[in-house]
Amino acid sequence: MLQLLGTTHDNIIATRANDLLGIHDYEKIHPLIHNIISNGKKVRWYFEMDDCLISDTAGFWEDGIVEVKYGKMNFTHSEDIEMIAIVGKDKWKEWMYAVMKPFTRAEIKYFDLSEKEAAMEWLKNNNANGTN
């Protein structure tokens, strides 16, 4: 399940994943993405992973958004996302880079769960690819 966090504002979408994610979770943030791009901005996504409810090592995504298991990779609005801060335990780092990178040109940076504030600051205060 994907939970919207109170730090969602301006062009930052802040979320916490605490179980497998699917199309219904994407539908939660889809209107926010449209609002940001309609204001001429790019999306910056804070993606925190709560490890306590993840039951298998396959990861956070179920079919509907990412169908890695079947060789299908599709993510709407990949061109509209400029930065992704992934926050989670180190064991997910390589896997999440591998999952996210093929369908976005966004700058992706991984942060440990102890670095939540640093991840948000990175999204707020850094230029992505030389832009504001």
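How charged is the neighbourhood of Lys42? Take every other residue with its Cβ under 14 Å from the Cβ of Lys42, and add Lys/Arg as +1 and Asp/Glu as -1. Charge balance near Lys42 sits at -1. Stretching the chain fully between Asn127 and Glu94 yields a gain of 9.5 nm (0.36 nm per residue, less the alpha carbon separation).
Candidate cross-link partners of Lys124 among the lysines, defined by an alpha-carbon separation under 18 Å and a same-chain spacing of 8 or more, comprise Lys41, Lys42, Lys109, Lys116.
Residues whose amide H falls under 5 Å from that of Val43, counting only those 5 or more places apart or on a different chain, are Ile81, Glu82, with hydrogens built in the peptide plane.
The modelled label-to-label distance for the pair Glu117/Asp10, using points 7 Å beyond Cα in the direction of Cβ, is 1.8 nm.
Readers should treat all values here as calculations from the given coordinates under stated rules, not as data from a laboratory. Every value quoted in this text rests on a predicted model; they were computed, and no experiment measured them. Note that we place each Cβ from the backbone using ideal geometry, even for glycine, and neighbour counts take in every protein chain shown.
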